[in-house]
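For reference, the structure discussed in these notes is given below.
The values are calculated or read from the model by the stated rules, or taken from the named source; none is laboratory data. Computed from a predicted structure; not experimentally measured. Positions of Cβ are generated from backbone atoms using ideal geometry, with glycine treated the same way; all protein chains shown enter the neighbour counts.
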Amino acid sequence: MNTAKIKIIISLAKQALKGGEHDYTSGSINRAIFLLAVPMIAEMIMESLFAVVDVFFVSKVSVNAVATVGLTESVLFIIYSIAVGFSMAVTAFVARRVGEKEFKRAGDAAFQAIFLAIVVSVILGLAGFIYAEDVLRLMGGEEALISEGAGYAQIMYAGNMSIILLFLINAIFRGAGDPSIAMRSLWIANGLNIILDPLLIFGIGFFPEMGVMGAAVATTLGRSIGVLYQLYHLLSGSSVVRITMDNIVLRVKTIVEMIKVSAGGISQFLIESASWIFLVRVISTFGSEALAGYTIAFRVIVFTLLPSWGMANAAATLVGQNLGAKQPERAATSVWRTAKYNALFLVTVSLIFFLFAQPILSFFTDEPEVKRIGISALEIICLGYIFFSYGMVISQAFNGAGDTRTPMWISLVVFWFIQIPLAYWLSIELNWQSNGVFYSIAIAHSLYAIVSILLFRKGKWKLIQV
């Protein structure tokens with residue numbers, strides 16, 4: 001690569017990180033992917049870095065503390081599902097309106113989504129706070145684990161509004177084609193979380209020593225401040241889409257349409273999340289060490305998959321805006337190119353996991369059994385990475401078009417009718433134990449990608465109206 005090309009890439013990267021208005025419905029597709037993907041990947045890198053750093057500090061408390069995080073997060077996936085489902089709808093609506101140059105209607109959609117998110121998060125927060133211990137017990141947590149980790153679960157469930165709003169408002173910025181604001185909000189939220197984690201967990205300086213509960217307090221505080229940063233930009237007009245007094249009106253038609261689109265998105269992630277809960281429940285039968293090994297490995301896997309989701313989110317924005325601009329073929333081309341770049345990235349990650357699984361796990365724990373199970377998880381699950389890369393991009397492309405039902409049905413068939421029975425059969429009936437669960441994950445996600453590719457090629461998503 002010559003010096004001129006390097007300078008062009010550096011210049012584009014600066015533009016992408018700085019942000020500003022760009023037209024993604026004309027000009028070079030590669031340039032559009034780059035401008036969108038760079039801040040989205042940077043956003044997801046911080047989210048994934050938080051996941052790794054968080055479990056690193058928690059692992060210094062106890063095996064039960066790590067297992068508590070694993071059990072709590074398996075249920076938090078339901079909340080993440082709702083957040084992501086709402087986000088899919090708002091990205092589709094906002095991107096389509098921006099593609100049509102209907103910026104006032106984009107602001108209307110943003111307000112309705114935030115209103116819905118607040119109502120839902122209040123209900124979930126109250127239920128989670130009251131029944132946190134029962135949830136841990138239901139998930140197979142031992143009494144010692146529940147005693148140590150109930151406070152962590154209560155705070156995480158009660159503070160779910162910060163999770164949902166952080167996801168949702170970032171989806172507004174991404175749909176508007178302004179991912180740099182989304183990137184900065186997540187860097188602020190998770191940067192504060194990383195700083196507060198050791199202070200509150202270990203009681204450094206004048207901070208109280210809160211153990212694993214300190215991780216929950218750090219997470220909730222950091223994300224809440226990130227949400228305040230988002231609201232500042234959304235209300236001040238520094239983004240393409242803004243909320244003004246004219247937008248602060250409940251519009252029943254828009255809410256109903258958004259619920260319809262959200263329903264498919266929420267359902268597909270609830271289906272996958274519920275299947276993950278079952279998988280964690282199976283792993284819990286093999287003891288706290290198995291849970292801890294899985295939790296650490298899963299955080300490492302998330303560290304690599306979240307940047308890929310950054311590219312997938314770029315594809316969703318490109319699909320929505322180009323469909324709004326009546327350019328479906330440009331939307332399709334954008335998806336295939338993004339998927340190819342994502343595949344190159346994840347194949348590289350797979351090789352790293354195969355070569356360095358042991359030192360990676362050794363960084364987090366010295367417990368031999370925890371380390372052994374974590375190494376197996378990394379080596380087995382990354383076998384499906386080449387398929388993951390296409391599956392995540394194409395599923396987000398469907399969602400960006402407003403077609404949330406297609407990936408929902410794929411998820412139901414693959415994760416419930418194939419992954420769950422397969423995990424049980426391999427781990428329990430064949431006595432592969434936790435490895436049976438890991439193989440079922442790799443196989444199911446590979447199958448998900450293959451089915452998604454076949455349906456995407458049919459092109460029905462190009463006809464969806466939102």
Could you say which residue among Leu463, Leu454, Leu422 is without any contact (Cβ under 8 Å) to a residue 24 or more places away in the chain, out of contact with any Gly (no Cβ under 6 Å at 6 or more places or on another chain), closer than 20 Å to Phe298 by Cβ and among the aliphatic types (A, V, I, L, M)? Leu422
For the range 176-204, which residues satisfy the criterion of being within 16 Å of the chain's Cα centre (by Cα) and not aromatic (Phe, Trp, Tyr)? Pro179, Ala182, Met183, Ser185, Leu186, Ala189, Asn190
Within the range 117-146, can you find the residues that are in contact with a helix residue (DSSP H, G or I) (Cβ under 9 Å, 6 or more places away or on another chain), assigned to a helix (DSSP H, G or I) and either within 26 Å of Leu463 (Cβ to Cβ) or acidic (Asp, Glu) (or both)? Glu133, Glu143
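Each row is one residue, and each column tells you yes or no for (1) at pLDDT 90 or above; (2) over 24 Å from Gly265 (Cα atoms); (3) among the aliphatic types (A, V, I, L, M).
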| position | (1), (2), (3) |
| --- | --- |
| Val120 | no, no, yes |
| Asp134 | no, yes, no |
| Leu145 | no, yes, yes |
| Ile163 | no, no, yes |
| Ala171 | no, no, yes |
Could you say which residue among Phe57, Phe93 is at pLDDT 80 or above and under 27 Å from Leu196 (Cα atoms)? Phe57
Look through Lys326, Lys371 and report the one residue that is modelled with pLDDT of 85 or more and either over 30 Å from Ile169 (Cβ atoms) or among the aromatic types (Phe, Trp, Tyr) (or both). Lys371
In the range 234-266, what residues are closer than 16 Å to Ile181 by Cα and free of Cβ contacts under 8 Å to residues at least 60 places away in the same chain? Leu235, Ser236, Gly237, Ser238
